[in-house]
Amino acid sequence: MEQVEWEQHKKFLKQAVKMAEKGVKSGKGGPFGAIIVKDGKIIARGYNQVTSSNDPTRHAEVDAIRKACKKLGTFELKDCVIYSSCEPCPMCLGAIYWARPKALFFAADRFTAAKYGFDDEFIYKEVPLPLEKRTLHTVCIQMENRNVPFEQWEEKTDKIAY
């Protein structure tokens, strides 16, 4: 990447870090912030509000994604870039992939976050395990009607694929 482009990314990452600082100062959640940029302009900002909202999904990236999608009237962020103050956790990373931005940039890595008490390593280790080996009791019950919603979806002529 060209120097000018790197400077632009650093500028936006500084804004994501400022959102994390805002979140810390507000006392609403952990030290994480995110912004979403489209065509060189910030279209959404978010910071962690897990503890103040009693919502474990209220992470900075998810918050920003929700705001950006609402603002743009779409469930995809194809022409957007996400900037996060820290490497996204597995939940946020999944949400980012589903939102389909063109890029993700972050400042601190997950190992730095772990040093400060935000360690997601157990989730990274759990995901590839077979259900019966996960620490969360997880069971798939083969219900008779389990495929009906999928069959209905397949037959639907006005569906919006995603």
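Just checking the listed ones, Leu136, Leu77, Leu104: in the Gaussian network model of the chain with Cα springs under 10 Å, the one fluctuating most is Leu136. Nonpolar atom fraction for the chain, defined as the carbon and sulfur part of the 1.4 Å probe accessible area, stands at 56 percent. For the residues Lys70, Lys115, Lys25, a GNM of the chain with alpha-carbon springs under 10 Å puts the largest fluctuation on Lys115.
So, R0 is 25 Å and r is the distance between the beta-carbons of Tyr97 and Gln152; what FRET efficiency does that work out to, to 0.05?
Working: r = 26 Å, r/R0 = 1.02.
It comes out at approximately 0.45.
Relative to the current alpha-carbon distance between Thr57 and Glu132, full extension at 0.36 nm per residue lengthens the span by 24.5 nm. Arg100 contributes about 70 Å² of solvent-accessible surface, heavy atoms of the protein only, 1.4 Å probe. The GluC sites (Glu not before Pro) found in the stretch 113-161 that occupy coil by DSSP, while having at most 13 further C-beta atoms within 10 Å, are Glu144.
Averaged over its residues, the chain has an accessible area of 69 Å² per residue, based on protein heavy atoms and a 1.4 Å probe.
Along the axis of the charge dipole computed for the chain (Cβ charges of +1 for Lys and Arg, -1 for Asp and Glu, origin at the Cα centre), the listed residues Gln3, His137, Ile96 are led at the positive end by Gln3. If you take semi-axes √(5λ) of the Cα gyration tensor in Å from the coordinates, which of [x] 37, 13, 12; [y] 31, 23, 15; [z] 24, 17, 16 do you get? Given [x] 37, 13, 12; [y] 31, 23, 15; [z] 24, 17, 16, the structure-derived one carries the label [y].
Could you state the number of Å between the C-alpha centres of the stretch 59-134 and the stretch 27-50? For the stretch 27-50 versus the stretch 59-134, the Cα centre distance is 12 Å. Students often get this wrong, so check it: of Lys78/Lys115; Lys71/Lys125; Lys41/Lys115; Lys78/Lys156; Lys28/Lys71, which have C-alpha atoms separated by over 31 Å? In this structure, Lys78/Lys115; Lys71/Lys125; Lys41/Lys115 lie more than 31 Å apart at Cα.
Structure remark: mean-square fluctuation, Gaussian network model of the chain, C-alpha springs under 10 Å; the largest value among Pro130, Pro56, Pro88 belongs to Pro130.
The values are calculated or read from the model by the stated rules, or taken from the named source; none is laboratory data. Everything numeric here is computed off the predicted structure, so don't read it as measured data. For neighbour counting, all protein chains shown are included, and Cβ atoms are generated from backbone atoms with ideal geometry for every residue, glycine included. Heads up: the accessible areas ignore ligands, DNA and RNA and are worked out on the full protein's heavy atoms, side chains in. Shrake-Rupley method; radii C 1.70, N 1.55, O 1.52, S 1.80 Å.
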